[in-house]
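The values are calculated or read from the model by the stated rules, or taken from the named source; none is laboratory data. Everything quoted here is computed from the prediction, not taken from an experiment. Reconstructed Cβ throughout: ideal geometry from the backbone, glycine too, with neighbour counts over all protein chains shown. The protein model used for the area step is the full one, side chains on, heavy atoms only, and it has no ligands, DNA or RNA in it. Shrake-Rupley method; radii C 1.70, N 1.55, O 1.52, S 1.80 Å.
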Amino acid sequence: MDNIAVQLLIGIALMAFSAVVTFFSTKHNLKEYTNNKYNELKDKLHNQEIELEKLRGRDENQQQIIDTFQAQVLNHLPDLIEAVAKIKKPKK
């Protein structure tokens, strides 16, 4: 009976040790996976922020062009239309 009890205790100890090793291995793997995903998402977010800044810069440049066009051309548009109409009038 003592031999069976010793074997049973050894079996239980091995199973407990195996469970502890599995737990810490899984914990380590999950931590590594989580860190990798975090870094990957952080890089994607950084790239998106850079793209957003580029788009904002383009937007500002386009707005400056529109403002310049409005200041230089749209104010003179009625005069330009009148001048073109005079040129295109058929001579009688």
Checked segment 1-11 for anything part of a helix (DSSP H, G or I) and open to solvent by 90 Å² or more (accessible area, probe 1.4 Å); matches are 2, 3, 4, 7, 8, 9, 10
Pair list, Cβ under 9 Å, 6 or more apart: segment 1-25 residue in contact (Cβ under 8 Å) with a residue 40 or more places away in the chain, other residue assigned to a helix (DSSP H, G or I) and not hydrophobic (A, V, I, L, M, F, W, C): none
Every residue from segment 53-73 that is open to solvent by less than 80 Å² (accessible area, probe 1.4 Å) and under 21 Å from the mean Cα position of the chain (by Cα): 57
